[in-house]
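Here is the structure we will look at, set down as structure tokens.
The values are calculated or read from the model by the stated rules, or taken from the named source; none is laboratory data. Quantities reported herein were computed from a predicted structural model and do not represent experimental measurements. Cβ coordinates were reconstructed from backbone atoms using ideal geometry, including for glycine residues, and neighbour counts include every protein chain displayed. Calculation scope for accessible area: heavy atoms of the full protein, side chains included, ligands and nucleic acids excluded. Shrake-Rupley method; radii C 1.70, N 1.55, O 1.52, S 1.80 Å.
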Amino acid sequence: IENEENTPNTKSVRSTGSGITVAMCTVALGFACCENLLYVFGYTPSQSLGVEIETLIVRSIFPVHPLCAAIQSIGVCKRDLEGQRGVGIGRIISPAILLHGSFDFVLMVAAYLQQVKKIKEGNDDDSDIPKEDEAVMTAGDIPVMVFSFGMVLVGYIYYVWQSRAQTKRLIAMDRTITIDESSTLV
């Protein structure tokens, strides 16, 4: 049996970074799944199966939690793999907070405006349960959906941009490590 201290490290920095991203996104997907089930079966104000399915589909279209986790993984890799000690918890979570907070803010404003419209129409009985023939999604929800999709798209573009830059840095680190290992073997 070989001694582990004499065995060269075959795991690249880039693969470790990928592992961090996959792990963080996996946790975020689990959280999102639980939250979606809670929204569908706990917070949806209807017992209609159609409304529950619609809520689940709409919530699944926007993968905000995994996207925020992927964005945070870039900061974790900068700090832990690249050794950038100036990257603290604030710099790691700030872009994700901005994305998720903006996304939630738009949804809350839309819900508020929808409630104000109901009150102005005289439907202020505090009953959020839609009637069987009443659609949950209306034409007024289209701008909110478009803006929400735009927020997710902006987050995705930011992630791809940052991820590509980080991949280049990690590949360069891997090359440096490989050169260092080969020079010590000679």
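Read through the list (1) open to solvent by 70 Å² or more (accessible area, probe 1.4 Å); (2) at pLDDT below 85; (3) of a type in the set (A, V, I, L, M), then give the number of the only condition that Val144 fails. The failed condition is (1). Here the condition is being modelled with pLDDT under 90 and open to solvent by 60 Å² or more (accessible area, probe 1.4 Å); of Phe103, Phe41, Phe31, it holds for Phe41 alone. Summed over the stretch 168-186, residues that are loosely packed, with under 15 Cβ neighbours inside 10 Å, at pLDDT 90 or above and of a type outside the set (Lys, Arg) total 2.
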